[in-house]
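Worksheet for the structure shown next.
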2 protein chains.
Amino acid sequence: MINLVLLGSGNVATHLYKALSASQRVKVIQVYNHASGSLQPFKKETPVTTSFSEIMEADIYLLALKDDVIPQVSEKLSKKQGLVVHTSGAVALNGLLPNRRRGVFYPLQTFSKEKEVNYSEIPFCLEANDEEDLDLLKSLARDISGKAYEISSQQRKKLHLSAVFVCNFVNHMYSIGEKICRDNKIPFEILQPLIKETAEKIKTASPREMQTGPAIRGDQSTIDAHLDLLVSSENKQIYQLLTSAIQTFHGKKL
Amino acid sequence: MINLVLLGSGNVATHLYKALSASQRVKVIQVYNHASGSLQPFKKETPVTTSFSEIMEADIYLLALKDDVIPQVSEKLSKKQGLVVHTSGAVALNGLLPNRRRGVFYPLQTFSKEKEVNYSEIPFCLEANDEEDLDLLKSLARDISGKAYEISSQQRKKLHLSAVFVCNFVNHMYSIGEKICRDNKIPFEILQPLIKETAEKIKTASPREMQTGPAIRGDQSTIDAHLDLLVSSENKQIYQLLTSAIQTFHGKKL
């Protein structure tokens, strides 16, 4: 049995808590947060604390915290024997500098509080200083997901950057599409099958090979017509920049 | 039985041909294309022609052609009694001006020659001058898909514009993500569950409510770190513009 103390109570912490609680091999023995209010949902099942001095001895301290507080919280755990691990895509392993045994347990997924997550499909990106600690993190990841990847701090930064493009920026494209539909009394659901197919296509083929649309076709009359239709100057700018980027990327630029 | 002549032999024509051939209520009686080579795949099952003078009498003439040739081809069909229909997202119903009975049968999906399409999930956007012709198109759409929407020329233009954002531009975001992964020896498959979840989230909630990431969090240190990591100046520009667009859209701009 792996004894684990969870630090944090946000989206990632909440989702990991649920996944870990369902595991037979892990026991969440305590949840820490600096504010007691957000500990309410955990209180019924698990001891909680708002004080570093009360943090229990554990095999793993899992810091599901905002990036900027990771260094100061890890500092507070410098005397602990267990493995201190953060869940951030952007913070290096060395962000846990004061800890003797340190690691990274980064779930590459977008978490919303309201929406259930299928843990079996979350890839965990793992890193540790020590082979044995890495094995411990692997067994933790496999216990809740089945997908574990060894990813260095350097790679993880790049992965996190890629995630901004394929998730956050993609979602903004969806927002623009929805806004155009709403403004023209078109049900957004018409676009759902297209959105689904666009995401599914690239499971088996490179997105590079799957590019379609007026930009890659060099269909200037459609591009001009679209720019005329766009009301927001910001959306016009996005349309122009992405059209030109697609053409450069595919070697179509004149 | 609806007798139909298909004009065109590209991706959309090929996919519609397959869907229509599977229907019990529609018979594709002829396929036209200006070049005989591309008619080869249809030849075994259906009469083909490269000559307008040989085009048969039919209930529907379905023009699955490039936008810019739709007017001239529809001109050639001006003496026909049947309903002349195009499949374009960008051409107005009036693009078929010479035809007495005209309509639009726009399948809102991204078609790749290599990939099979689930027709039952394609929404068809329909338009016609005449109520009876609209009913004919509705029955055609329902026969192959089950999803039919009445969409005006004005709305269809906007829908096509939205589709560029949620499909073509989204796919370019995937391409950038894949390139960053490849350049850093990270398997792109790690991002697949995130891509899938991002697309699925917005089936039940507005994308506006689902926005996550450093831009909406106002996490400037991550934004700066990402801009430092980006090698391509075009990707830097995209990152900057979309970050600022997300902040404006969500009222976070200073």
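If you go through the stretch A:183-205, how many residues are of a type in the set (Lys, Arg) and either assigned to a helix (DSSP H, G or I) or crowded, with 20+ Cβ neighbours inside 10 Å (or both)?
So the count comes out to 2.
Take the stretch B:127-167 and flag every residue that is open to solvent by 50 Å² or more (accessible area, probe 1.4 Å), of a type outside the set (Lys, Arg) and at the interface with chain A (Cβ under 9 Å from one of its Cβ atoms).
Across the stretch B:127-167, the qualifying residue is only B:GLN154.
Any idea which of (1) in a strand (DSSP E or B); (2) more than 30 Å from A:VAL164 (Cα to Cα) is the one A:LYS80 doesn't satisfy?
(1) is the only condition that A:LYS80 fails.
Of the conditions (1) open to solvent by less than 40 Å² (accessible area, probe 1.4 Å); (2) more than 10 Å from chain B (Cβ to nearest Cβ), A:LEU108 satisfies every one except a single condition; which number is it?
Here A:LEU108 meets the rest and fails (2).
For a quick check of your reading: which helices (runs of 4 or more DSSP H) sit entirely within the stretch B:206-254 and have at least 1 residues that are of a type outside the set (Asp, Glu), more than 7 Å from chain A (Cβ to nearest Cβ) and open to solvent by 50 Å² or more (accessible area, probe 1.4 Å)? Show your work before the answer.
Values: elements: B:207-210, B:214-217, B:220-229, B:233-249.
Helices (runs of 4 or more DSSP H) meeting the threshold: B:214-217, B:220-229, B:233-249.
Checking the structure you have, find out if any residue of the stretch B:122-133 is under 12 Å from B:ILE60 (Cα atoms) and part of a helix (DSSP H, G or I). Don't jump to the end; show me each part of the working.
Of all residues in the stretch B:122-133, those under 12 Å from B:ILE60 (Cα atoms) come to B:133.
Pick out the ones that are also part of a helix (DSSP H, G or I) and you get B:133.
So far as the stretch B:122-133 goes, yes, one or more of its residues are under 12 Å from B:ILE60 (Cα atoms) and part of a helix (DSSP H, G or I).
Among the residues in the stretch A:88-104, are any in the same structural domain as A:VAL12 (by TED's automatic domain parsing), of a type outside the set (Asp, Glu), touching a Cys at 6+ places or on another chain (Cβ under 9 Å) and within 20 Å of A:VAL26 (Cβ to Cβ)? So that I can check it myself, show each step before the final result.
Taking the stretch A:88-104 and keeping what is in the same structural domain as A:VAL12 (by TED's automatic domain parsing), we get A:88-104.
Next, from what is left, pick out any that are of a type outside the set (Asp, Glu): A:88-104.
Then drop every residue that is not touching a Cys at 6+ places or on another chain (Cβ under 9 Å), which leaves A:89, A:104.
Subset that is within 20 Å of A:VAL26 (Cβ to Cβ): A:104.
Scanning the stretch A:88-104 turns up at least one residue that is in the same structural domain as A:VAL12 (by TED's automatic domain parsing), of a type outside the set (Asp, Glu), touching a Cys at 6+ places or on another chain (Cβ under 9 Å) and within 20 Å of A:VAL26 (Cβ to Cβ).
When A:ALA58 is evaluated against the numbered criteria (1) over 24 Å from B:GLU197 (Cβ atoms); (2) open to solvent by 40 Å² or more (accessible area, probe 1.4 Å), which criterion, by number, is the only one it fails?
In the conditions (1) over 24 Å from B:GLU197 (Cβ atoms); (2) open to solvent by 40 Å² or more (accessible area, probe 1.4 Å), A:ALA58 misses (2) alone.
Can you say whether B:SER206 is assigned by TED's automatic domain parsing to the domain that holds B:ASN184, of a type outside the set (D, E, K, R) and more than 24 Å from A:GLY10 (Cα to Cα), as far as the supplied structure shows?
Values: assigned by TED's automatic domain parsing to the domain that holds B:ASN184: yes; of a type outside the set (D, E, K, R): yes; more than 24 Å from A:GLY10 (Cα to Cα): no.
So B:SER206 does not fit the description; no.
Which members of the stretch B:1-39 meet the condition of being part of a helix (DSSP H, G or I), at pLDDT 95 or above and open to solvent by 60 Å² or more (accessible area, probe 1.4 Å)?
none
The values are calculated or read from the model by the stated rules, or taken from the named source; none is laboratory data. Note that this is a predicted model, so its numbers are computed, not measured. As a convention, Cβ positions derive from the backbone with ideal geometry for all residues, glycine included, and neighbour counts pool all protein chains shown. Just the protein is used for accessible areas: all its heavy atoms, side chains included, with ligands, DNA and RNA removed. Shrake-Rupley method; radii C 1.70, N 1.55, O 1.52, S 1.80 Å.
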